[in-house]
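See below for the structure under consideration.
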Amino acid sequence: MMMNILVVDDEHVIRNGVKRTINAQFPDYCVFLADNPESALALLKNESIDIVLTDVCMPGMTGIELMEVSHKTYRKMKWVFISAYSEFEYVKQALSLGAKEYLLKPIGKDSLIDIIHRLSHDISQEKVQFEELYLLKNNMKFLQEAVFIRLMKGLDLGNINVKAFTQDYSPFHMILVKISAEGERQLEHFIIENVMTEMIQS
């Protein structure tokens with residue numbers, strides 16, 4: 001899965017070194033560069049970024065301040081902080097705010113590659129889970145119908161707790177309709193559903 005990565009650092013050598021390492025190991029990834037947090041904020045408005053690697057101390061806004069002002073808007077982004085050993089107190093603050101990783105200067109290629117690998121895996125898993133939840137939410141009506149059909153036929157419901165479907169509708173009545181039409185029954189289903197809806201509302 002392709003990732004979009006943003007590198008924010010006021011040092012040209014570090015920015016480009018990180019970009020070269022990522023491009024060499026992950027050729028399908030797109031790496032964006034910003035030389036200050038203000039430029040990074042402008043870029044975030046136009047690009048869908050998955051991972052941000054940012055220096056802690058930069059002129060003007062710090063990397064932590066960048067995270068604070070953008071974290072609520074871009075909640076799914078993963079943050080990695082780049083710092084000198086003397087700045088580690090800042091890194092601990094960043095980790096408390098939700099940063100995932102940190103890199104100490106000078107940046108080791110193996111450490112950088114390992115972090116990108118792990119965060120890419122986490123992001124891929126989260127995207128799969130999101131897609132599954134989206135499908136589940138949008139197909140809940142059909143799942144409910146399938147559960148009730150099994151319930152009416154006295155079939156095993158597995159571990160499904162029917163109370164989750166009925167607790168907000170107690171007491172309730174169940175109406176069974178048998179359609180004897182041959183072939184495609186979509187029109188009959190539509191008519192019956194509309195008639196029953198009108199009857200229930202009245």
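List of remarks:
- Compactness of the stretch 69-173, taken as the C-alpha radius of gyration over 2.2 N^0.38 Å, stands at 1.81.
- Distances between placed amide hydrogens fall under 5 Å for Val7 paired with Phe32, Leu33, Ala34, Leu53, all partners being 5 or more residues away or on another chain.
- In order along the stretch 13-21, the Karplus-derived 3J(HN,Hα) couplings, from 6.51 cos²θ - 1.76 cosθ + 1.60 at θ = phi - 60°, round to 4, 5, 3, 6, x, 5, 4, 5, 4 Hz, and Gly and Pro are given as x.
- Whole-percent P(r), the stretch 112-191, all Cα pairs, 5 Å bins from 0: 3, 10, 13, 15, 14, 12, 10, 7, 6, 5, 3, 2, 1, 0.
- Gain on full stretching of the segment that runs from Met174 to Gln25 - 0.36 nm per residue minus C-alpha separation: 47.7 nm
- P(r) tail fraction, the chain - alpha-carbon pairs more than 24 Å apart, %: 56
- Net lengthening on full extension, Glu184/His12 (0.36 nm per residue, minus Cα-Cα): 55.2 nm
- The phi torsions of the stretch 138-146, fed into the Karplus equation with coefficients 6.51, -1.76 and 1.60 and a -60° offset, translate into couplings of 7, 10, 4, 4, 5, 5, 4, 4, 5 Hz, rounded to whole numbers, with Gly and Pro shown as x.
- FRET efficiency for the Tyr134 to Glu47 pair, using the beta carbon distance and R₀ = 22 Å, is estimated at 0.45.
- Using a cutoff of 8 angstrom between alpha carbon atoms and counting only pairs six or more residues apart, the relative contact order for the chain works out to 14 percent.
- Calculated from backbone phi, Karplus (6.51, -1.76, 1.60) coupling profile of the stretch 84-96 in Hz, x at Gly/Pro: 7, 4, 5, 9, 5, 4, 5, 4, 4, 5, 5, 5, 5
- Ordering Lys19, Lys137, Lys78 from the fewest to the most neighbouring beta carbons within 10 Å gives Lys137, Lys19, Lys78.
- Residues Ile82, Ile175, Ile107, arranged from fewest to most other Cβ atoms within 10 angstrom of their Cβ, appear as Ile175, Ile107, Ile82.
- Annotation: for a label point projected 7 angstrom from Cα along Cα→Cβ of Ile113, residues of the stretch 1-22 with backbone N closer than 20 Å are 1-7, 14-22.
- FRET efficiency, 1/(1 + (r/R0)^6) with R0 22 Å, evaluated for Met61 and Phe88 via beta carbons: 0.65
Values in this text are rule-based calculations from the coordinates and carry no lab data. Treat the numbers as computed from the prediction; the structure is a model and nothing was measured. Glycine also receives a Cβ, built like all others from the backbone with ideal geometry; neighbour counts cover every protein chain displayed.
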